[in-house]
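Have a look at the structure below before the remarks.
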Amino acid sequence: MNTSDFFYNLPEELIAQFPVEPRDSSRLLVYSKKDKKIEHKHFSDIIDLLTDNDVLVVNNTRVIPARIFGEKEDTKAKIEFLLLKRINLNTYEALAKPGKKAKVGSIIKISDNLKVKVLEDIEEIGGKKIELIINKGTIEEELDKLGEMPLPPYIRQKLANKERYQTVYSKIEGSSAAPTAGLHFTSGLLEKIKQKGVIIEEVLLEVGLGTFRPVAVDNVENHHMHSERIKIDNETAERLNEYKKQGKRIIAVGTTTVRTLESAAIKASQIEPVDKETNIFIYPGYQFKFVDALITNFHLPESTLIMLVSAFASKDEVLNIYNLAVKEKYRFFSFGDAMFIY
C-alpha cells in the first residue's frame, strides 16, 4: 500500500484559515457505511443523529502555548522552538527552527526570565532534547505569557483568541496540537446531548508529533509513528466496558480518541486502564476492536489521519467522500468542517 494511494486534489482556498462562529455552525457530512448514504448537515444537527444508546468519548487534553521564540546568547541568531512532549519537570522534546543553529550546548534566551539549553539531538524526529531554565515562577506561567498557540503551518493567520484552539472540555495541559474534531462542540450543544441521554466519557491523548508528522516513505507499512502519552483511568475503563457489553454505540470524537481506545483494547469489545506511550498506526486492513462510529475533520492528503479514516470506512469510500466534499466546498483541516461516519 503506497502513500500516494491516499492523495486527493485540494484547492488551497478550501483550507480553513479561521474557525467559524459559533463553533457548532460548521458543516457536517454524514456517511452511513451500511447503506452508503451521504447527507449534508450542520454540526448542531449531530444531536438528531444520537440516541440514549450512544456513548461519546472525547479527548480532554489541553493545548499548551508550545511555540516560543528566542535568540542565541553568543551569536544573537533567532531560533524558534515547538515543544512536543514533556519528558520531566523542565525537559522537553522539541523541534527547532532552524535546527542547524540550535547545536548541543547552545543557550537561547527566550526572555529575561526564561532560557533554553539544547541538551542533545533526537535523530528519530529531527528534533532536540531541551531544558527550560527559569529564574522565578513556573514554566507554565511563562509559557502563558510568551508562548504562541502551535497552529499548523497551513494556517497563516494569527489566532485572536487562544481558547478558540481549545475544546470547551479541555482540562489536562500537555498537547502541541488540538484534537480538532472536538472544536465543533459548544457547552450548550453538549448539555443538550446529555439531556437526550447520551453518555459522555473522557480519555486522554497528549497530541504531539505522532499525530501530524508527515509520511515520508513510499510504502505505508514502513512509516513509524512517534509515541504519544495516553491515559484511561480504572473507573472510565470499567464504565466503557460495561457500556460496550450493554450494546451501546461507542462514538470516538476525533482520531486521537480512536487511537487511545484502540491502544487500550486487549481484545474485541474490551479495553484496559492505561497510562503509557502509544505509537499505534491505524491504516487500511486494521480490525477495530472498540470504536463503532467516528466524528472527525477532513485531513491532509497522504497523512496518517486520512489513512486511519480509510481504515474505518474504506480507502475508496473515503476518497470518494473527500472528492465530493471538495466539490461541495467544505472547509478542510483544523478549523474546517466535520464528518460523522457510522
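Below is a table of values for the structure above.
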{"read-out": "Filter pass, Pro301 being over 19 Å from Asn59 (Cβ atoms) and buried (at least 18 other Cβ atoms within 10 Å of the Cβ)", "value": "no"}
{"read-out": "Yes/no for Glu206 being surrounded by 18 or more Cβ atoms within 10 Å (Cβ to Cβ), closer than 30 Å to Pro65 by Cα, in the same structural domain as Glu12 (by TED's automatic domain parsing) and touching a strand residue (DSSP E or B) at 6+ places or on another chain (Cβ under 6 Å)", "value": "yes"}
{"read-out": "Check on Ile251, over 20 Å from Ile193 (Cβ atoms) and surrounded by 19 or more Cβ atoms within 10 Å (Cβ to Cβ)", "value": "no"}
{"read-out": "Test: residue in the stretch 114-133 that is assigned to a loop (DSSP other than H, G, I, E, B), in contact (Cβ under 8 Å) with a residue 24 or more places away in the chain, aliphatic (A, V, I, L, M) and under 30 Å from Ala16 (Cβ atoms)", "value": "yes"}
{"read-out": "Identity of the residue in the stretch 103-123, charged (D, E, K, R) and over 29 Å from the mean Cα position of the chain (by Cα), that ends up surrounded by the fewest Cβ atoms within 10 Å (Cβ to Cβ)", "value": "Asp112"}
{"read-out": "Whichever residue in the stretch 39-73 is loosely packed, with under 15 Cβ neighbours inside 10 Å and in contact (Cβ under 8 Å) with a residue 24 or more places away in the chain and, among such residues, is farthest from the chain's Cα centre (by Cα)", "value": "Glu73"}
{"read-out": "Spans of strands (runs of 3 or more DSSP E) in the stretch 34-107 with at least 2 residues over 30 Å from Lys145 (Cα atoms)", "value": "37-42, 54-59"}
{"read-out": "Hits in the stretch 313-327 (condition: in contact (Cβ under 8 Å) with a residue 60 or more places away in the chain and among the aliphatic types (A, V, I, L, M))", "value": "Ala313, Leu319, Ile321, Leu324, Ala325, Val326"}
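The values are calculated or read from the model by the stated rules, or taken from the named source; none is laboratory data. Given the structure is predicted, the values throughout are model-derived calculations rather than measurements. FYI the Cβ positions are ideal-geometry reconstructions off the backbone, even for glycines, and counts take in every protein chain you see.
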